[in-house]
Amino acid sequence: MGSSCGAKLTILLSLLLVSWIPYRSSALDNDASLFVDGSFGRKIPDTLFGIFFEEINHAGAGGLWAELVNNRGFEAGGPNTPSNIDPWIILGNETYLIVSTDRSSCFERNKIALKMDVLCDDGSTTNACPDGGVGISNPGFWGMNIEQGKTYKVVLFVRSAGPINVSVSLTGSDAKTLAVSNIIASDSSKWAKMEVLLEAKATDHNSSLQLTTTRKGAIWFDQVSVMPLDTYKGHGFRKDLFSMVQDMKPAFIRFPGGCFVEGSWLRSAVRWKETIGPWQERPGHFGDVWNYWTDDGMGHLEFLQLAEDLGALPVWVFNNGISHNDEVSTPNILPFVQEILDGLEFAKGDAKSTKWGSIRASLGHPEPFDLRYVAIGNEDCWKPNYLGNYLKFYAAINQSYPDVKMISNCDATSKQLDHPAHLFDYHVYDNANALFSQSHKFDQVSRSGPKVFASEYAVTGGDAGKGSLLAALGEAAFVIGVEKNSDVVEMASYAPLFVNTNDRTWTPDSIVFDSSRMYGTPSYWMQHFFRESNGATLLNSTLQTSSSNPIVASAISWKSSEDNKNYLRIKVVNFGSSTVALKISISGLKSIESLGTKTVLTSNNVWDENSFDEPEKVVPFKTPLDNVGENMNVVLTPHSLTAFDLSI
């Protein structure tokens, strides 16, 4: 019995030794080697990585723009709005109240007002109003986020056939009053602007605004607004969402679309002049591409202000007389051209000597904005009138603003453009494998022609889900290719930026939110790995691999603005399902300190996603890096994006 047991132990030890030796050999020989030459570098454009904001998925209206009232002017219309007061609801039935709309507003560009005929009162014995009165209620964008201790500014325009006594309240989902104030006026035959400040005494993320009365007679409302006082710098941007964008350190912001700029028909295309001035005077419009109404509270001035607040360059995309279904012929395009010249003057013109510059100054921004880029249309290259229209815009802008760079819609990755342009637009939406393979997309692009603006890239379809790790890894490989080809690629941005979870018109997106919560998808966190790339130095790096795992890598050096130290960052995507042993060899640098960190974006499953319940399921994880030096053996986790940061 003892001899038999001893024989089994010897065999077991032998098997363990046999299995251990190849693993050690593999770790020593490595599956891949990365050679980084610090003596050779090329400056990356300061503009390389930015963001693309489109009014899609309620990104602005009901998102970054902090206005809580949905359809504040009762003007909404379109196939998804059963009436122009939607989503306002009536508090009370026709025994007490009749609600209608008419065109009696004092605002010329939005004439519709809401009329309440109140049939009950607070003193009648035959038709007394219900407790709390009758009126109207607005739920905001799938619930108003009202937070205890915060103050909200309510503005409304009102008139009445008699005295006014209206209760203005913020009401929780359980019907409890969170804040209330009364508006009382005796002389009310003319439209009057009323303002109240409401401080919430409790928190409810699914609240509503209620306007109620117990006074019999007719009363009209128009342009009703509820804004929190704590928007970013008082500029109207929701602080938590702004902070998430700011953390990306974007070099530019492309706005306001996208297809939103074109419209399904020209009647719904964006007209910048209708989006400036006092908010109550803006007509708003129905965006028939993404099928919802926007009051255009976030207009031309607000987008320029957003860029300035982010420290990002504005990239203005404008309509060039072409929509999805109709277009203006080139002989008739000059009014559109003049409108854009006026828009450039609004952004860049002197506050005293130019018409539109003085208008900008009167709206609170006397200094010009740093507008250096414009895109002439969006995805219109194949349209019959695009080239003719484009040339008219190009000539006029070049004459008046020769410092402004113009972006063509025509993809020139495979051939030269047949028209002048400073940059050309490149869009790619595909599966994860396709995006990974596009890490070499720009290797062969002509270095003598216009630069590339990869303004819309993302993994979509089944690989993406609502934002998967797999999608982020495919995108990371593409972005490494952008970085390594930054001599020809001047700008790049993921699309779309935002999605309100209640309106997922397009999936996936970078940032998901509702009225009170938000989280970043893996694609959002992937972009954080490139935050230091703008203006950094791209180092020469060579990857050699015998591994079956597809991997891509790049190396940059940069000076941190936080500690004023120089750093080397090596980024590697392991797109495969097994671990890769990587040997890193660094030369050409004077010294490498012993300090370093390793940051990894990965998860247990490539299909893993973040959610409101698990907002940090797939996020970067940073650990100290040991044995830092010119030669290092490191391990790449399966399905991962890894950054090695070394102090140099």
### Query
Just a yes or no: is a residue in the range 201-220 among the polar types (S, T, N, Q), in contact with a Gly (Cβ under 6 Å, 6 or more places away or on another chain) and closer than 14 Å to LEU68 by Cβ?
yes
### Message
Just checking, does the range 494-501 include any residue being under 26 Å from ALA454 (Cβ atoms) and either without any contact (Cβ under 8 Å) to a residue 24 or more places away in the chain or in the same structural domain as PRO139 (by TED's automatic domain parsing) (or both)?
### Response
no
### Query
How many residues are farther than 19 Å from PRO228 by Cβ, outside any strand (DSSP E or B) and without any contact (Cβ under 8 Å) to a residue 60 or more places away in the chain when one looks only at the range 191-216?
0
### Task
Say whether the condition of being surrounded by 24 or more Cβ atoms within 10 Å (Cβ to Cβ), polar (S, T, N, Q) and under 20 Å from ALA312 (Cβ atoms) is met by at least one residue in the range 465-485.
no
#### Entry: the range 344-368 - residue that is in contact (Cβ under 8 Å) with a residue 60 or more places away in the chain and within 21 Å of TYR394 (Cβ to Cβ) and, of those, surrounded by the most Cβ atoms within 10 Å (Cβ to Cβ)
PHE346
### Query
Which residues, taken from the range 217-234, are closer than 23 Å to ARG282 by Cβ and assigned to a strand (DSSP E or B)?
TRP220, PHE221, ASP222, GLN223, VAL224, SER225, VAL226, MET227, PRO228
### Message
Could you check the range 285-314 and list, in sequence order, the residues that are part of a loop (DSSP other than H, G, I, E, B) and hydroxyl-bearing (Ser, Thr, Tyr)?
### Response
none
### Query
Which one is nearest to the chain's Cα centre (by Cα) among residues in the range 163-180 that are of a type in the set (Gly, Ala, Ser) and loosely packed, with under 15 Cβ neighbours inside 10 Å?
SER173
### Query
Mind checking which residues of the range 191-237 are among the polar types (S, T, N, Q), within 30 Å of the chain's Cα centre (by Cα) and farther than 16 Å from PRO278 by Cβ?
THR203, ASN206, SER207, SER208, THR231
### Query
Among all residue pairs at least 6 apart or on different chains, which show Cβ distances below 6 Å where the first residue, located in the range 439-466, is over 22 Å from SER414 (Cα atoms) and the second is in a strand (DSSP E or B)?
THR460/TYR429; GLY465/GLU609; LYS466/GLU609
### Task
Starting from residues that are farther than 22 Å from THR460 by Cβ, polar (S, T, N, Q) and surrounded by 13 or more Cβ atoms within 10 Å (Cβ to Cβ), keep the ones in the range 588-614 and report whichever is modelled with the lowest pLDDT.
THR597
### Query
Among VAL226, VAL245, VAL270, which is modelled with pLDDT of 95 or more and in contact with a Leu (Cβ under 6 Å, 6 or more places away or on another chain)?
VAL226
## Note on the structure
Of (1) farther than 29 Å from GLY467 by Cα; (2) in contact (Cβ under 8 Å) with a residue 40 or more places away in the chain; (3) assigned to a loop (DSSP other than H, G, I, E, B), ASP563 satisfies every one except (2)
### Query
Of all residues in the range 304-343, which are crowded, with 19+ Cβ neighbours inside 10 Å and charged (D, E, K, R)?
GLU327
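The values are calculated or read from the model by the stated rules, or taken from the named source; none is laboratory data. Only a predicted model underlies this, so the values are computations on that prediction, with no experimental measurement involved. Methodologically, a virtual Cβ is constructed for each residue, glycine included, from the backbone with ideal geometry; neighbour enumeration extends over all protein chains shown.
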